[in-house]
Structures are given as C-alpha cells and as structure tokens.
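Please read the structure below before turning to the comments.
What follows draws every value from the coordinates through simple rules; no lab data is involved. Keep in mind it's a predicted model, so treat the numbers as computed, not measured. Here Cβ is always computed from backbone atoms with ideal geometry, including for glycine, and neighbour counts include all displayed protein chains.
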Amino acid sequence: MTDVASRLAARRGAIVRNQAFWGVIAIVLLLAVNVVADPGYLSIGYNSGHLSGNLIDILRASAPILMIAVGMCLVVATGGIDLSVGSIMVVAGAVSMELLSGMDGTTGDAALTLAIALGIATVLGAVNGVLVSVVGLQPFISTLVMMLAGRGIAKVITGGQNTTADNDSFAWLANGYVLGVPVVFLLAIVIVVLVALLVRRSALGLMLEAIGMDSRASRLAGVKRRSLQLTVYSVSGLLAGIAGVFATASVMTVDVSRTGYQLELDAILAVVIGGTSLAGGKFSIGGAVIGGLLIATLDKTVVFLGVPAAATPAFKAIVIVVLCLLQSERVRSLFRHRRALRAQSQKEAVAA
C-alpha cells in the first residue's frame, strides 16, 4: 500500500509540474467564469445540420492559432524564434483574395489559389531559414525583418486596399462543417496530429532538441543543423500560410492592416504556456495545442464579458501572468512552505 501511495503521489506531482496541466486548468476556469455570467454558455445546439454554440465558436477560432503555435513550437525547439508568422499570414491571405477576385469561382480555382498561397508562404519561411542557417543572422533579427517586409509585400499585392473575393469552395475551408463539426478545426487537428507523429515517432524531434540544447555538439554528433533549421522555418511559414487562409476564408476578405496582427505574440504565448522552453532543447506539440486553445478561449471570454477594447490587453496580461505564476515551481513551493508552517502552528496550538 505504501508503494502504491508513493507512486500515486509521484504521479500527481508530475501532473502538477506539467505546465500544460495549468493551461487546462486555466481553460476550465475561464469557461466557469463564462458559465457564471450565462448559465447556458456551454450549451450546444444542432441547427441546419451542424453543431452551434460558444464552444464550437472557440474551436473554430482556435484553428489559425493552433497552426502558428505548432510551427512556432518547432522553431523554438531549435533555439530560434519566428516573429514573421503574422505577416506571412496576411501575405497568404492577400495572394488568395487577389487571385480569387479575378477567377470564376470554381473548385479548381480554389485549389490552384490554395496551392499558390501556401507555396509563397513556404518560400517566405524558407527565406527566414536561409538567413538563420546559412547566412548566420540571429533568428530574432531575421524574422523581424520578414515581419516588417511581409506586411509591406501584402500591401503591394493588394494595392494597400482590403480585397474581397467570392468562391464557395474556398470559403468552405473556414465556414464548412463535416459531421456537424467545423471543418477548419478538423483540418487543424489533422495537421497537428501529422506533425506530432512525424517529430515524435521518428528521430526528428530528438534532433531538433539537440540543436536547441547545443548546436555545436549536435553538429559534431552528425546532426545536419542547417538543413533542419531551414526545414522548420519553412514548415513554420507553411503553417502560417494555412492559418492565413483560414483567417481570410472566414470572411473572404483580407485586411492588410489587421489580418494576422500580433498573432506571433499569441503563438509565442501558446508554446510557452504549453511548456516549450524559449531557450530551445525542449518542446511539446500537445502543450502548444493546449496553449492555442487557451488563447482562443481567452479571446472569446474577453468579447463575451464585454471587456472594453482599451482594457483588453491588460485583462489578457493579468490572466497570462496569473497562469505563469501557477506554472512556476518556485511559487508553488512558497505556497507549500506556507501551508506547512500553518499546519505546524495549528498542531502546536492544539498540543498547547
């Protein structure tokens, strides 16, 4: 019995130390706050052949965040950072809308547009990879340059105007349903699962972590650092392009000033909340997914509670800071120590 109890205690301790666990707790607490404000918040209906409700809206809104968070997770694992994902999103959206606006609206047009938009996004990600792995620039500087240039490229593509198009097949990617569930969320989950299987069922994940831990030692061990860095930045660009397509297809309009704006910050928050180390050498795809769901839930909570636009950044910052404090082992140790002292003082008071 003692061994079983010790194993259970060790397992509980491991769960509590898992940063993604606190992300799940934060999601539950945010949903609980919304339920207090509206007891029917979690209700799910079935209208016109598909599910509807606030939870479904959260899943749909989380899809673009999941894409950029997973890409960011792979980049951060190598000790890098990608600040350009938001700008690559708007480039993919701008290319999509400009191409579709001059086409006939057929399914073939949608497929061709999707291929071109994602190809350009991948190329932009590869440019980041070349600057980091071949030229040797710092990832922060390289992707910051692309962050600034990308939105400028989108403005050149659209002439600085918001572009609208009409294509039912393309719009279905973001607004359609499969078995009542938003297709955009299903596509995001399929892509996440494929990436997770690739990096965790092969040696790729270990090699990425090796680069993040010590790039020189990994090179001496035979890990091809340059090609792997080029690959992860290209994948990050591709996933950002998919996120851009999701974001634009939902309204079939690209806003060159707002599409993807500051989503790179949400992606970084998502991977950190999920337990990925910004120093590199450690990453969690599942944690990034939980972080992405948390960001989407937080965004929807802000809107649902009617938080003023001016106070929204402060509200989000407070929630994130509280979550980070809960994730901190030092903070939890402090609370455990104070609890032990209180229990000890109560025992002494009873004995006296």
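Relative to the longest principal axis of the C-alpha atoms of the chain, give the angle of the C-alpha long axis of helix 54-77, reported between 0 and 90° and rounded to the nearest 10°.
Helix 54-77 sits roughly 90 degrees off the main axis of the chain.
How would you classify region 196-352 from its alpha-carbon gyration tensor, with a ≥ b ≥ c the square roots of the eigenvalues: rounded for a/c under 1.5, else prolate if a/b is greater than b/c, otherwise oblate?
In terms of gyration-tensor shape, oblate.
Cross-link candidates for LYS224: which lysines have Cα within less than 19 Å, leaving aside residues fewer than 8 places away along the same chain?
LYS282
Just subtract the alpha-carbon distance of ARG219 and SER101 from 0.36 nm times their residue separation and send over the number in nm, one decimal.
37.7 nm
Does the chain come out rounded, prolate or oblate by the C-alpha gyration tensor, with a ≥ b ≥ c the root eigenvalues, rounded set by a/c under 1.5 and, if not, prolate when a/b is larger than b/c and oblate if not?
Judged from the Cα gyration tensor, the chain comes out oblate (a/c at least 1.5, b/c at or above a/b).
So how do 121-131, 171-181 stack up, highest first, on mean other-Cβ count within 10 Å?
My ranking of the peptides, most packed first, is 121-131, 171-181.
To make sure I understand, if each residue's beta carbon is the centre and we count other beta carbons within 10 Å, what order do SER133, SER284 fall in, fewest to most?
Neighbour counts put them in this order, fewest first: SER284, SER133.
Based on the mean of other beta carbon atoms within 10 Å per residue, what is the order of 206-213, 86-93, most packed first?
Output ranking for 206-213, 86-93: 86-93, 206-213.
Bins of 5 Å, beginning at zero and ending with the bin holding the largest distance: percent of Cα pairs per bin for region 190-287, please.
It works out to 3, 11, 17, 23, 19, 12, 8, 5, 2, 1, in whole percents.
Nearest 10 degrees, 0 to 90: what angle lies between the long axis of helix 2-17 and the longest principal axis of the chain (Cα atoms)?
Helix 2-17 sits at roughly 40 degrees to that axis.
Working out 0.36 nm times the residue gap between ALA317 and SER227, then minus their Cα-Cα distance, what length gain in nm do you get to one decimal?
On the way: separation 90, 0.36 × 90 = 32.40 nm, distance 3.67 nm.
The span from ALA317 to SER227 would gain 28.7 nm if fully extended.
Give the residue from ASN162, GLY241, VAL192 lying farthest towards the positive end of the charge dipole for region 55-306; charges sit on Cβ (+1 for Lys and Arg, -1 for Asp and Glu) and the dipole is referred to the Cα centre.
VAL192
With θ set to phi - 60° and the Karplus curve 6.51 cos²θ - 1.76 cosθ + 1.60, what are the ³J(HN,Hα) couplings of region 103-110 in order, to the nearest whole Hz, using x for Gly and Pro?
Once rounded to whole Hz, the list reads 10, 8, x, 8, 5, x, 4, 5.
What is the chain's relative contact order, in percent, from Cα pairs under 8 angstrom and six or more apart in sequence?
Across the chain, relative contact order equals 31 percent.
Give the peptides 302-315, 95-108, 246-259, 61-74 in descending order of average Cβ contacts within 10 Å, highest first. Can you show the working numbers first?
Details: 302-315: 11.9, 95-108: 17.3, 246-259: 21.3, 61-74: 29.4.
Going from most to least packed, we get 61-74, 246-259, 95-108, 302-315.
Spelling out what I want: for every residue of region 274-289, take phi, set θ = phi - 60°, compute 6.51 cos²θ - 1.76 cosθ + 1.60 (Karplus), and round to whole Hz; glycine and proline get x.
Listing the rounded values in order: x, x, 7, 7, 5, 7, x, x, 8, 8, 9, 5, x, x, 5, 5 Hz.
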